[in-house]
Structures are given as structure tokens and as C-alpha cells.
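K.L.:
Following this message is one structure expressed as C-alpha cells.
The values are calculated or read from the model by the stated rules, or taken from the named source; none is laboratory data. Remember, predicted model here, so these are calculated numbers, not experimental data. Cβ sites come from the backbone with ideal geometry, for glycine too, and all protein chains shown count toward neighbours. The area values use the complete protein model at the heavy-atom level, side chains included, leaving out ligands, DNA and RNA. Shrake-Rupley method; radii C 1.70, N 1.55, O 1.52, S 1.80 Å.
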Amino acid sequence: MSVQLVHRVSQAADLVTVALDELLPRAEGPEARLTEAMRYAALGPGKRLRPFFALETGRIFGLPERSVLRAACALECVHAYSLVHDDLPCMDDDDLRRGQPTVHKAYDEATAVLAGDALLTVAFEIMADPDTHENGEIRAELVRLLAHASGARGMVGGQMIDILGVHDDLGAVARMQRMKTGALIACAFELPLAMARPKESERSALMAFGRDIGLAYQIVDDVLDAEGDVESLGKAAGGKDAALGKTNYVTLLGVDAAKDRIAHLVVQTKAHLDVFGDKGQFLRTAVDFVLDRKS
């Protein structure tokens, strides 16, 4: 893995953190506890992979970095909100996230609910602002894409399916993960594509890339849940899904077969970028980086 790629991913994370620091409301006034919790959730440690994908896609098409960065920040706010709510006792009931107390542990449950709500709404405030894009029609499309990816037919719908449970059905598991995890990852490509208006072959290639890397990412997560530990992952693991009776790729296929599926997806994912030639090199190399993770 190249030092240049690691630097590029780190640089993207820093760009997003600095931008979010400016875009999120300051922790002041009588509502300071809420805004402090929002900032705790959104500005904490993380690779910022979804914004990285958006920024790299923007670079492929030569888009203005400011527009893509603001859209990426809106996407990251939705992702942060989803983690805050996902960690709540009524959902996955986790005490740790990336080695730090989850928001409801650092503050309280009511504050965590409100912080998640506020992060979701500020995402659309950022996206709809003329500073994100001068073209109102494109801004409306960006809002629509983010809403679809995060709503009942996307991330939230996938979370509902996960709560209800799927049993011994690989197709149902794939659909759940395509919505719960994959929808926001795919959105990282859809947002800059909406600005770029590329050829259909280019759009199809990047959407296929996003779909496959999202699936591989989730299978890696399932493997980590089965084999990882709290110290290395920074969150509860050690077979938590299996203990809760949840069905996933590992419980259906076994660890070895799940790893084989990941290896197949890695090859397939990289091949989608052939249409871009050298322009797709950083995204192609990033596949191994993204999937070699511990949290």
C-alpha cells in the first residue's frame, strides 16, 4: 500500500474535519449541550471513507473541490447521526465507538437522540445552501439523492430489516446490507456524479464500484465481528451478532467462505475502474486500504 495513498486518505479526512468544524454550530448558548454532543459525534476519530470516495470521484471529473467537500460533509453528518442512533440502548446498545464512549454514554440518551436528529437536519441545510453549488437544480438533486440513501428505502429501511431479522436467506441479507450500509457508500459516488453529468458508461462503472465495495465492506465487518475484540476494534465484537441471533454473511457462509467472497469482490471492484484508466488509480488502490480495517 503506497505512502501516497495513505497520505491522500488522511488528507481527505483532515479536509472534512476542518470543514465540519466550520459548518457545525458552535457549543454556545442555552442549547450548548446539544451542539457539543453533535460535534463530539461528528468530529471524533474516523477515516472519513465516504467523504474520501466523494472527493476522489470529484477529482476524476475535475469538479470544484469546495462543492464536493460540502456535499461530502453533509453525507458525513448523516453517517454520524446514524452511528449515534445505532449505538442507543433501543438499537445495538453499544458503549464504545472507535475506542471512545458512545454519545449516549458521554452525555445521556435524550441528548444522543436529539444530537442525531440535529446532525441529520444540518446535513440538508448544508446541501441546500447555494455555497454547495450555484445551480439550484443540481442542489435539489443532491438533496434528493441524500434523502433517498438515508431514508426508508435506504439506510433507515435497512436498519429496520436488521432489527426485525432475516433468517437463512443470503438474498435477504444482501438486500439488508445494500440498504443499511451500502446506500450511503453508493451515495458518496452519486453526489459528485450528479455534479459532473458524466457519460453513462462512467456513471455505471462508478455505481458498480460503489455497490461492490459497499458489500465487501459489510462482509469485512461481519468477519471482524466474529474474530475481533474490543481492544483492536474500539467497539463491542467477539461474535456479538451471533450472540444476538443475527444472520449475516459469516453466520450463513462461515468465516472462510466469507473471506473468499471478499477476495472475489476485491478483484471485481477494481475491474470496474478500467474505464477511467490512470484517473481511477487512487480509487483502485484504495480498495485494499478500505477493506484492511479494524473499525
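K.L.:
Find how much the distance from Arg203 to Asp93 grows on full extension, using 0.36 nm per residue of separation minus their present alpha carbon separation; answer in nm with one decimal.
P.N.:
35.8 nm
K.L.:
As I understand it, the dipole of the chain uses +1 on the Cβ of Lys and Arg and -1 on the Cβ of Asp and Glu, about the Cα centre. Which of Thr181, Tyr40, Ile213 lies farthest toward its positive end?
P.N.:
Ile213
K.L.:
With charges set only on the Cβ (+1 for Lys and Arg, -1 for Asp and Glu), what does the dipole of the chain come to about its Cα centre, in debye to the nearest 20?
P.N.:
Computed about the Cα centre, the dipole is about 760 debye.
K.L.:
Taking the Cα centre of region 29-74 as origin and charging only Cβ (+1 Lys, Arg; -1 Asp, Glu), how large is the dipole, in debye to the nearest 20?
P.N.:
Rounded to the nearest 20 debye, it is 100 debye.
K.L.:
Quick one: ranking His264, His167, His79, His272 by accessible area, 1.4 Å probe, largest first, what do you get?
P.N.:
On the way: His264 105, His167 130, His79 20, His272 45 Å².
Accessible-area ranking of His264, His167, His79, His272, largest first: His167, His264, His272, His79.
K.L.:
Follow-up question, since we're still on this one. So who's got an amide H within less than 5 Å of the one on Leu96, skipping anything under 5 residues away but keeping other chains? H placed 1.01 Å off N, in plane.
P.N.:
Thr102, Ala236
K.L.:
Could you tell me the center-to-center distance, by alpha carbons, between region 249-289 and region 152-214 in angstrom?
P.N.:
About 15 Å separates the Cα centre of region 249-289 from the one of region 152-214.
K.L.:
Using Cα pairs under 8 angstrom and six or more residues apart, how large is the relative contact order of region 1-116, in percent?
P.N.:
26 percent
K.L.:
Just to be sure I follow the rule: in the chain, considering lysines 8 or more places apart or on different chains, how many pairs have Cα atoms under 18 Å apart?
P.N.:
12
K.L.:
Candidates (i) 17.1; (ii) 28.4; (iii) 14.6; which is the computed mean projected area of the Cα convex hull in nm²?
P.N.:
Here mean projected area of the Cα convex hull in nm² agrees with entry (iii).
K.L.:
OK, next. Can you compute the charge dipole magnitude of region 64-136 about its Cα centre, using +1 on each Lys and Arg Cβ and -1 on each Asp and Glu Cβ, nothing else charged? Give it in debye, rounded to the nearest 20.
P.N.:
The dipole of region 64-136 has a size of about 220 debye.
K.L.:
As a test of reading the structure, rank Cys90, Cys187 by solvent-accessible area (1.4 Å probe, protein chains only), most first.
P.N.:
Cys90, Cys187
K.L.:
Here is a follow-up. Tally Lys/Arg at +1 and Asp/Glu at -1 over every other residue whose Cβ is under 14 Å from the Cβ of Ala115; what's the total?
P.N.:
-3
K.L.:
Per residue of region 204-220, in order, report the coupling 6.51 cos²θ - 1.76 cosθ + 1.60 (Karplus, θ = phi - 60°) as ³J(HN,Hα) in whole Hz, putting x for Gly and Pro.
P.N.:
Whole-Hz 3J(HN,Hα) from phi for region 204-220: 4, 5, 6, 5, 5, 4, x, 5, 6, 6, x, 5, 4, 4, 5, 5, 4.
K.L.:
Still on this structure, I have one more. Tell me the relative contact order for the chain as a rounded percent, counting alpha carbon contacts under 8 Å between residues six or more apart.
P.N.:
Once divided by the residue count of the chain, the mean separation gives 18 percent.
K.L.:
Sort Arg197, Arg39, Arg153 from largest to smallest accessible area, using a 1.4 Å probe on the heavy atoms of the protein chains.
P.N.:
Descending order: Arg153, Arg197, Arg39.
K.L.:
Residues with beta-carbon under 13 Å from that of Gly157, excluding Gly157: net charge, scoring Lys, Arg +1 and Asp, Glu -1?
P.N.:
+3
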